[in-house]
There are 2 protein chains.
Amino acid sequence: MSLPRPRKTRKGALPFDRHVPGIEYGVLDQLAGYAIRRAQIAIYEELDRELSPLKITPPRFSSLVLIEGNPGVLQTELARIIGVGGPAMVAIVDYLQAQGWVRREAHDGDRRANRLVLTTKGRAHLQRAKELLMKLDAGWTSRLSSSERATLMALLDKVAPPLAT
Amino acid sequence: MSLPRPRKTRKGALPFDRHVPGIEYGVLDQLAGYAIRRAQIAIYEELDRELSPLKITPPRFSSLVLIEGNPGVLQTELARIIGVGGPAMVAIVDYLQAQGWVRREAHDGDRRANRLVLTTKGRAHLQRAKELLMKLDAGWTSRLSSSERATLMALLDKVAPPLAT
DNA sequence: TATTGTTATACTCTATAACTATA
DNA sequence: TATAGTTATAGAGTATAACAATA
């Protein structure tokens, strides 16, 4: 199985309703995990549509932000941070490099490794993407007060699988 | 693009860390949408691993719960409720029917439509799945008090894209 | 031997379009 | 004409395995 892969924008079909009137949701309404899933699905459609003209996807965005904040980060480190496999990371970096947003630089002292850095063009593009994403995020949380928003993020941070001791 | 599809259980590769020490997350830490995504990714690996022996996936689980709570629901209604397309719903119902968990029944008055109902076997299987999922969910929220858990779910319910007026 | 990165391949899930049978 | 459901097909995205170069 795989993560509830987000969905592309569907055309004639089936807008996602979080709570259809008259429908009994049973245990789904008692599961925090399902509430998270619903929120993600609700967000994803707009996220996809808005990010698409910028040729950005969530993993690409995360990668750019993390490369900007941690210049010289290795591909393997980045893969672990954002939670994708090695081959997927190769594809992401290939794409970012083809767009001229990222460079692979040599690592002094380990000739196997790639240090990743943003180009000037990449930094400018990321800036636009960040502004768009902050605007979208503000929209998704527009029904929350700023203290509710902070609470939500703090609580989400405490949600995780039990540590595999 | 599509929803960050959850990931299958990866073998040798790359456990997901929500916050790697020493890494600068930049704007990611300010985005509620990213906090939701992180929580979902963190949950998904265990969810997948635990549900897999029961031959259940999140959409299958949601479908079973909704069919149980809304016996006779139409396929198209169900698709809209859980947010998948028509062909995806066909595949899900085909699978649930092949397992003997669900029956397609005729709709008096509209011979195009399928009414979906659980079988006795399906009800029993769903019961096991529900118990497992409630246990897992309790684990994911074990660091939250019961009032924090309720707050989290209420706040998540208020998260959504701006209404497309 | 282990690790970084890469390639090749298969699989899953989804979207799209086209079709049927009804309405 | 529109809708419920189905089929067929193609596309993303991911996982797996195998490999090269280096440690």
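The values are calculated or read from the model by the stated rules, or taken from the named source; none is laboratory data. Note that this is a predicted model, so its numbers are computed, not measured. Positions of Cβ are generated from backbone atoms using ideal geometry, with glycine treated the same way; all protein chains shown enter the neighbour counts.
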Note: among B:73, B:65, just one is within 12 Å of DNA strand D (Cβ to nearest atom), modelled with pLDDT of 95 or more, within 16 Å of residue A:23 (Cβ to Cβ) and not hydroxyl-bearing (Ser, Thr, Tyr), namely B:73
Residue B:132: aliphatic (A, V, I, L, M) and in contact with a helix residue (DSSP H, G or I) (Cβ under 6 Å, 6 or more places away or on another chain), yes or no? no
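Here's the yes/no breakdown for (1) surrounded by 15 or more Cβ atoms within 10 Å (Cβ to Cβ); (2) under 27 Å from residue A:155 (Cβ atoms):
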{"position": "B:74", "(1), (2)": "yes, no"}
{"position": "B:103", "(1), (2)": "yes, no"}
{"position": "B:107", "(1), (2)": "no, no"}
{"position": "B:110", "(1), (2)": "no, no"}
{"position": "B:121", "(1), (2)": "no, no"}
{"position": "B:130", "(1), (2)": "yes, yes"}
{"position": "B:136", "(1), (2)": "yes, yes"}
{"position": "B:147", "(1), (2)": "no, yes"}
Of the residues that make up the range B:140-152, is at least one without any contact (Cβ under 8 Å) to a residue 40 or more places away in the chain and within 16 Å of the chain's Cα centre (by Cα)? no
Given (1) at pLDDT 90 or above; (2) more than 7 Å from chain A (Cβ to nearest Cβ); (3) surrounded by fewer than 20 Cβ atoms within 10 Å (Cβ to Cβ), identify the lone condition not met by residue B:21. (1)
Reported set for the range B:46-78 where residues are among the small types (Gly, Ala, Ser) and within 10 Å of chain A (Cβ to nearest Cβ) is B:52, B:62, B:69
Condition first: at pLDDT below 90, hydrophobic (A, V, I, L, M, F, W, C) and away from DNA strand D (no atom under 16 Å from the Cβ). Can you find one or more residues in the range B:43-54 that meet it? no
Out of A:77, A:45, A:24, A:50, which single residue is more than 30 Å from residue B:140 (Cα to Cα) and among the charged types (D, E, K, R)? A:50
So, residue B:66, is that one within 13 Å of the chain's Cα centre (by Cα) and within 16 Å of DNA strand C (Cβ to nearest atom) or not? yes
In the list B:43, B:81, B:92, which residue meets the criterion of being more than 9 Å from chain A (Cβ to nearest Cβ) and crowded, with 21+ Cβ neighbours inside 10 Å? B:92
